[in-house]
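All remarks here apply to the structure that follows.
Here, each number is a calculation from the coordinates, and none is a lab measurement. Everything numeric in this text was worked out from a predicted model, so none of it was measured. When we count neighbours, we look across all protein chains shown, and the Cβ atoms used for this are built from the backbone with ideal geometry, even at glycine.
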Amino acid sequence: MRIAIPAEDKGGLESNVSGHFGRAKYFVFVDVEGAEIKNAEVVEVPFDEHGPGDLPNFIREHGGEVVLAYGMGRKAIEYFNELGIEVVTGAYGGIKDVVEAFIHQVLEVDPYWKEKIEREKEEHECQHEGHNC
């Protein structure tokens, strides 16, 4: 199985899951056999701007079968589903820890990720407009 995780930096298994799936500059692709991590590859996202379906196709082209992410939009999830790629949202923390927890079926996810991302988006928009929120 090949798992794709958006990363905060190019630190591979030592990196943290990016809180912003669509803005991640790097993805870590982790090859798992049985209950063991066999390999990890860091791949830089080849585009600065992306349209609908670009990231799901990028992950498919790199052999991703499962995506572990913190937050993700509904349309992106639908694209992954159409490609037969499983999506798990609410994953956070160190990539190695997240993958190992997923492998052993003990991954704890943040059930409030949607609310947190929406709140961050509103705060960003308010600050961008020059308001004191």
Using just the C-alpha positions of the stretch 53-119 as equal point scatterers, what log10 of I(q)/I(0) does the Debye formula give at each q in 0.17, 0.20, 0.23, 0.28 1/Å?
-> -0.64, -0.86, -1.05, -1.22
Grab every C-alpha pair in the stretch 18-84, bin the distances at 5 angstrom width from 0 up to the longest one, and report whole percents.
-> 3, 15, 28, 27, 16, 7, 2, 0
Model label zone, Arg23; criterion: amide N under 17 Å from point 7 Å along Cα-to-beta-carbon; scope the stretch 58-73 = 69-73
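Regarding the stretch 2-128, what's the average projected area of the Cα-atom convex hull, expressed in nm²?
7.7 nm²
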Cβ-based net charge around Ser15, under 14 Å, with every Lys or Arg adding one and every Asp or Glu removing one = -3
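By the scheme Lys and Arg +1, Asp and Glu -1, what is the net charge of all other residues having a beta-carbon under 12 Å from that of Arg2?
Working: positive: Lys38, Arg60; negative: Asp31, Glu33, Glu41, Glu61, Glu65, Glu86.
Counting the neighbours of Arg2, the net charge comes to -4.
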Work out the length of the dipole vector of the chain about its Cα centre, built from +1 on the beta-carbon of each Lys and Arg and -1 on the beta-carbon of each Asp and Glu, and round it to the nearest 20 debye.
-> 120 debye
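Antiparallel versus total DSSP beta bridges in the chain: what percent is that, nearest 5?
Antiparallel: roughly 75 percent of the beta bridges in the chain.
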Residue-by-residue Karplus 3J(HN,Hα) for the stretch 93-109, coefficients 6.51, -1.76, 1.60, Hz, glycine and proline x | x, x, 4, 4, 5, 5, 5, 5, 5, 4, 4, 8, 6, 10, 5, 9, 10
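Enumerate lysine pairs in the chain that are 8 or more residues apart or on different chains, then count those whose Cα atoms are under 17 Å apart.
Summing the qualifying lysine pairs gives 4.
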Dipole of the stretch 2-128 (Lys/Arg Cβ +1, Asp/Glu Cβ -1, origin at the Cα centre): which of Leu55, Leu68, Leu83 lies farthest to the positive side?
-> Leu83
Quick one: check the C-alpha center-to-center distance for the stretch 1-26 versus the stretch 64-94, whole angstrom.
-> 12 Å
